[in-house]
Amino acid sequence: MIILGLDPSLSSTGWGVIVCEGARISHIANGQITTRAAAPMAERLAALYTGLAEVIAQHAPARAAAEEIFVNKNPQSTLKLAQARGAVLAASGAAGLTVNEHAARLVKKAVTGTGAAEKAQVAAMVKVLLPGIAIAGSDAADALAVAIADAHLSPRS
């Protein structure tokens with residue numbers, strides 16, 4: 001089963017594609033969809049939607065997985081994250097994908113063994129679980145972690 005992991009963000013949405021065969025996982029691809037900070041919101045959201053639609057068309061995942069939204073101390077940051085997440089979920093839904101949602105702490109725990117892991121620990125463990133891969137950046141590492149967690153936490157269907 002091919003799983004698309006997503007780490008939504010307005011500035012840089014990470015994505016990672018893995019294949020899960022039984023208990024074995026393998027890397028297919030990963031990357032980041034970036035937007036220009038100076039661009040209007042509608043343009044940025046369209047770029048996320050279009051970029052993710054291209055990833056989905058290229059890799060044909062069976063399902064997607066995304067981190068659940070968390071509330072920042074800054075309400076504006078939370079709102080921007082929610083808008084980016086909406087564009088990502090809309091692109092997934094338009095492609096007919098089921099999207100499993102996982103709490104960030106649960107993803108970290110599934111990949112590193114602790115829900116309080118730092119970003120660097122998550123990226124290091126992703127490299128251990130998917131040896132020899134080149135990770136496109138920290139957002140892509142987080143997206144791969146989401147996909148890996150989903151492979152372990154969600155039913156195989």
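Could you list, in sequence order, all residues of the stretch 12-24 that are farther than 13 Å from Asp142 by Cβ and modelled with pLDDT of 95 or more?
From the stretch 12-24, those farther than 13 Å from Asp142 by Cβ are 17-24; that's our starting set.
Val17, Ile18, Val19, listed by residue number.
Check the stretch 84-91 and report whether any residue there is touching a Ser or Thr at 6+ places or on another chain (Cβ under 7 Å) and of a type outside the set (Val, Ile, Thr).
Residues of the stretch 84-91 that are touching a Ser or Thr at 6+ places or on another chain (Cβ under 7 Å), as a first pass: 84, 88.
Narrowing further to those that are of a type outside the set (Val, Ile, Thr): 84.
Scanning the stretch 84-91 turns up at least one residue that is touching a Ser or Thr at 6+ places or on another chain (Cβ under 7 Å) and of a type outside the set (Val, Ile, Thr).
Within the stretch 123-140, the set of residues being over 12 Å from Gly5 (Cβ atoms), out of contact with any helix residue (DSSP H, G or I) (no Cβ under 9 Å at 6 or more places or on another chain) and not in a loop (DSSP other than H, G, I, E, B) comprises Val128 only. Checking each residue of the stretch 43-55 against the condition of being closer than 20 Å to Ser26 by Cβ and either at pLDDT 95 or above or within 16 Å of the chain's Cα centre (by Cα) (or both) gives at least one match. Looking at Ala53, Ala87, just one residue is under 23 Å from Met41 (Cβ atoms), surrounded by 19 or more Cβ atoms within 10 Å (Cβ to Cβ) and among the aliphatic types (A, V, I, L, M), and that residue is Ala87.
The set of residues in the stretch 141-157 that are assigned to a loop (DSSP other than H, G, I, E, B) and surrounded by 15 or more Cβ atoms within 10 Å (Cβ to Cβ) contains only Ser154.
Identify the residue in the stretch 10-41 that is among the small types (Gly, Ala, Ser) and in contact (Cβ under 8 Å) with a residue 24 or more places away in the chain and, among all such residues, is surrounded by the fewest Cβ atoms within 10 Å (Cβ to Cβ). So that I can check it myself, show each step before the final result.
Taking the stretch 10-41 as the starting set, the residues that turn out to be among the small types (Gly, Ala, Ser) are 11-12, 14, 16, 22-23, 26, 29, 31, 37-39.
Going one step further and asking which of them are in contact (Cβ under 8 Å) with a residue 24 or more places away in the chain, we end up with 11-12, 14, 16, 26, 29, 31, 37.
Numbers: Ser11: 14, Ser12: 18, Gly14: 26, Gly16: 32, Ser26: 11, Ala29: 16, Gly31: 18, Ala37: 8.
Among them, the one singled out is Ala37.
The values are calculated or read from the model by the stated rules, or taken from the named source; none is laboratory data. What you see is a predicted model, and the numbers here were worked out from it, not measured in a lab. Cβ atoms come from the backbone with ideal geometry, glycine included; neighbour counts cover every protein chain shown.
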